[in-house]
Amino acid sequence: MSRPASSAFDITKPHWTLKWVSDASSSDNIEIKKDTDRIEEIRALKKAWENHEIGRSVKAMASRHKFLRENLTRADGGAITDEELEKLNEDQDNQGANSAQKNDKTKKADEKNLKGAKSKKDTKIEIKIENTPPSDVEPSVSDEILTNIPPTPPKPKIVLPPIDIDPFVRDSYYQLKTKDENFEKEQAQMRKMEFERFTSFKDQMNKFREDERKYRFQQKIKQIEECELLQSKLDAARMEIMEPREAFRQIFLEAERKRLEEIANQEAALASQQKVDTKKKGSAGKGKKKK
C-alpha cells in the first residue's frame, strides 16, 4: 500500500524513497522517523556555549554580519547595502524557523500514519521522507516529468566571492611522479652522481688535511730554527757585553792579587824577622849563664 503524497511535499527538492516490508509480529518493533540527533547535539552545544559565556551568540551574529558586510557582493559586481544584508539575514532566520515547524508537522503526520498501519498484516509501505523545506507553491504531480537530472538552481543575486586559500596551502618540496623504469634509472643516476660528488669532496678534504699537516710540520721546523737563531744571536750579544766586563774585572782581580801577595810577603818577612830576633835572644841568654 502506498501512502498518498503529502500536500506539502515538493518533488523538485532532494528526497528519498524508503521501502520496507514486515509481518504483523515485527511491525511493533519498527519505528521510522527523521534522525535529529546531530541537530540536537549542535543545539545542546550552542546552548552550553551560551551558558558558559553570556552574550556569545550576539557576538557571533555581529561577527557574521561584519564578515558578510565586507565580503558579500552583487552578482553584477556592485556593493551590497545594509538594508539588503538585514533583509537577507531576516529571510534566513524566517526560513530556518519555518523549516523547523514544517519538519515537526511532517514528523507528527508520519508517526500518526505509522500507528494506523501497524494493525495490518504483510503490509508494504512506501514512505517519502523530506530532507529540505518544501516550497510554498505545490507543483502539479501529474504534469511533472521525473528524471534523474537535478533541477537547475536559480541564479543568486548576492554572491560570496571564493576565499583565497593559497596562503594556507603548504608548498610541496617535490612533484609526485610515477615510479617506472625510467624514473628508477633517473634515481640511480642521481644517487651515483651524489656518491661521486661526495667521494670527490672527501678526497678534497683528505688532501686539504694532509697539506695542512705538512704545513704545520714545516712551521714547527721553522719555529725551532728561528728559536735556535735567536738563541745564537742572544749568546753573541751576551759575549759582546761580557768580554769587556770580564777584562775590566780581571784588572781589579789582578790588582787585588798583587796587593794580597804584597801583604803575604810582608807578613812572611815579619815572621822571619821575629824568628831571627828570637834566636838572637836565645843565644845571648845561654852565654850569660856559662859565665
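Under 5 Å between amide H atoms, partner at least 5 residues away or on a different chain: which partners does Ser22 have, H built in plane at 1.01 Å?
Thr123
Could you report the accessible area of Asp10 in Å², rounded to 10, computed with a 1.4 Å probe on the protein chains as they sit in the structure?
We get 10 Å² for Asp10.
At 1.4 Å probe size, put Ile39, Ile80, Ile163 in order of accessible surface, largest to smallest.
Ile163, Ile39, Ile80
Past the 22 Å Cα-Cα mark, which pairs from Lys34/Lys59; Lys179/Lys202; Lys13/Lys87; Lys66/Lys157; Lys66/Lys155; Lys87/Lys155? Intermediate results must be reported in sequence, preceding the final value.
Values: Lys34/Lys59 32 Å; Lys179/Lys202 31 Å; Lys13/Lys87 24 Å; Lys66/Lys157 19 Å; Lys66/Lys155 24 Å; Lys87/Lys155 18 Å.
Lys34/Lys59; Lys179/Lys202; Lys13/Lys87; Lys66/Lys155, as the Cα separations exceed 22 Å there.
How much of Lys275 can a 1.4 Å solvent probe reach, expressed as accessible area in Å² and rounded to 10?
Lys275 exposes around 140 Å² with every protein chain in place.
Convert each backbone phi in the range 252-262 into a coupling constant with the Karplus relation 6.51 cos²θ - 1.76 cosθ + 1.60 (shift: θ = phi - 60°), then list the ³J(HN,Hα) values in order as whole Hz, x for Gly and Pro.
Using θ = phi - 60°, the values come out as 5, 5, 5, 5, 5, 5, 5, 5, 5, 5, 5 Hz.
Given 0.36 nm per residue, what is the gain on full extension from Val21 to Lys34 after removing their alpha carbon distance, in nm?
Contour length minus Cα-Cα distance gives 2.8 nm.
Quote the accessible area belonging to Thr147 in square angstrom, nearest 10, computed with a 1.4 Å probe and with ligands, DNA and RNA left uncounted.
My reading of the accessible area for Thr147 is about 90 Å².
Between Ile163 and Ser57, 0.36 nm times their residue separation minus their Cα-Cα distance comes to what?
Residue separation times 0.36 nm, minus the Cα-Cα distance, leaves 35.7 nm.
Can you tell me the length gained on complete extension of the stretch Ala48 to Arg245, counting 0.36 nm per residue apart and subtracting the Cα distance?
Length gained, Ala48 through Arg245: 60.1 nm.
The values are calculated or read from the model by the stated rules, or taken from the named source; none is laboratory data. Predicted, not measured: the structure shown is a model, and the values here were computed from it. For accessibility, only protein heavy atoms count, side chains too; no ligands or nucleic acids. Shrake-Rupley method; radii C 1.70, N 1.55, O 1.52, S 1.80 Å.
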